[in-house]
Amino acid sequence: MGDYGHDLQFGAFITPGSADPQHTVDLAVLTERVGLDLVTFQDHPYQPAFLDTWTLMSYLAARTERVQISANVINLPLRPPGVLARAAASLDLLSGGRFDLALGAGAFWDAIEAMGGHRLEPGEAVTALVESIEVIRTLWDTSVKGGVRIKGEHHQVVGAKRGPAPAHDIPIWLGAGKPRMLRVVGRHADGWLPSLAWLGGPEEIDASNATIDDAARAAGREPAQIRRLVNVGPDDATPERLTQLALDHGFATFILSSDEPQQIERLARDVAPAVRETVASRRGSQP
């Protein structure tokens with residue numbers, strides 16, 4: 001299943017803890033300082049033990065200069081897509097094109113409902129996600145004149161003005177695991193962002209990639225348009241394991257889930273250079 005042609009990237013997946021917010025900020029700043037490519041955060045607005053992810057990302061955009069910033073992943077049931085489109089474009093403009101948008105269809109529905117969100121069945125949540133992508137991309141598209149009118153089952157936009165346009169072409173990555181969501185990735189997304197812990201073995205990973213690829217081709221897209229990202233734990237963040245995931249399964253972005261500065265430093269110092277060198281050698285290119 002191999003190479004989709006994307007350059008390798010490495011980043012951190014940090015818990016936005018409210019008990020020690022300075023530690024969270026320090027980890028994000030460290031991620032940039034050691035040379036990693038992106039920093040990401042959980043988004044659970046119903047969780048009082050966490051800082052609000054959007055506020056945190058905005059604050060860190062002002063505290064950093066180079067690193068890309070993203071949620072991992074945005075909780076759509078509690079963040080309306082029209083408002084999210086404007087917020088994402090605004091943060092991208094303010095950060096100089098350093099914001100990426102990762103979306104999730106929703107989970108923990110009791111907590112979502114407790115915060116005022118609407119409980120959706122699994123199929124409804126997927127439909128709402130697809131509608132959200134359309135709303136977001138259409139509002140970003142200022143090349144077309146006239147207001148936006150979208151009438152979906154879950155999201156309606158009735159004449160909203162377009163803009164602002166983001167500073168760069170913001171990719172939309174989806175957290176997905178089941179076949180229907182994987183097909184949505186193939187048809188609509190710029191990236192697939194699962195966690196390695198729930199991907200299964202090599203056969204299951206290949207099957208998921210194949211589902212995405214088949215859906216992409218059916219929609220008239222090239223599978224290589226879709227970046228394969230993956231969250232990994234410290235035990236899997238070894239040169240050997242990440243090289244295997246890159247060469248055998250086409251993953252190109254590796255995001256370490258850790259709140260330990262030493263592990264983030266190790267990823268940048270020891271793991272990322274080794275993976276880049278080995279993958280480049282095997283592919284016959286320069287690292």
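Some notes on this structure:
- Condition met for Asp92 (open to solvent by less than 40 Å² (accessible area, probe 1.4 Å), in contact with a Ser or Thr (Cβ under 9 Å, 6 or more places away or on another chain) and acidic (Asp, Glu)): no
- Of all residues in region 107-130 being part of a helix (DSSP H, G or I) and among the acidic types (Asp, Glu), the one that is least open to solvent (accessible area, probe 1.4 Å): Glu124
- For region 268-277, the candidate set comprises residues that are in contact (Cβ under 8 Å) with a residue 24 or more places away in the chain and closer than 13 Å to Asp7 by Cα; within that set, the residue that is most open to solvent (accessible area, probe 1.4 Å) is Arg276.
- Taking the numbered list (1) surrounded by fewer than 16 Cβ atoms within 10 Å (Cβ to Cβ); (2) at pLDDT 95 or above in turn, Gly200 passes all entries but (2).
- Across region 62-74, the number of residues qualifying as open to solvent by 10 Å² or more (accessible area, probe 1.4 Å) and in contact with a strand residue (DSSP E or B) (Cβ under 6 Å, 6 or more places away or on another chain) comes to 3.
- Each residue in region 200-244 was checked for being in a helix (DSSP H, G or I) and touching a helix residue (DSSP H, G or I) at 6+ places or on another chain (Cβ under 6 Å), and 13 of them qualify.
- Failed item, numbered, when Asn209 is tested on (1) open to solvent by 30 Å² or more (accessible area, probe 1.4 Å); (2) within 21 Å of the chain's Cα centre (by Cα); (3) of a type in the set (S, T, N, Q): (1)
- Scan of region 132-146 for residues that are over 19 Å from Asn75 (Cα atoms) and surrounded by fewer than 18 Cβ atoms within 10 Å (Cβ to Cβ), ordered by number: Asp141, Thr142, Ser143, Val144, Lys145, Gly146
- Residue that is nearest to Arg183 (Cα to Cα) [pool: residues in region 110-124 that are of a type outside the set (D, E, K, R) and touching a His at 6+ places or on another chain (Cβ under 9 Å)]: Leu120
- Of the residues making up region 93-131, those that are over 22 Å from Arg227 (Cα atoms) and aliphatic (A, V, I, L, M) number 10.
- Restricting region 28-55 to residues that are out of contact with any helix residue (DSSP H, G or I) (no Cβ under 7 Å at 6 or more places or on another chain) and of a type in the set (A, V, I, L, M, F, W, C), the residue that is least open to solvent (accessible area, probe 1.4 Å): Leu38
- Residue in region 245-267 that is surrounded by fewer than 15 Cβ atoms within 10 Å (Cβ to Cβ), assigned to a helix (DSSP H, G or I) and touching a Leu at 6+ places or on another chain (Cβ under 7 Å) present: no
The values are calculated or read from the model by the stated rules, or taken from the named source; none is laboratory data. Since this is a predicted model, take the numbers as computed values, not measurements. Heads up, the Cβs are rebuilt from the backbone with ideal geometry, glycines too, and the neighbour counts pull from every protein chain shown. The area values use the complete protein model at the heavy-atom level, side chains included, leaving out ligands, DNA and RNA. Shrake-Rupley method; radii C 1.70, N 1.55, O 1.52, S 1.80 Å.
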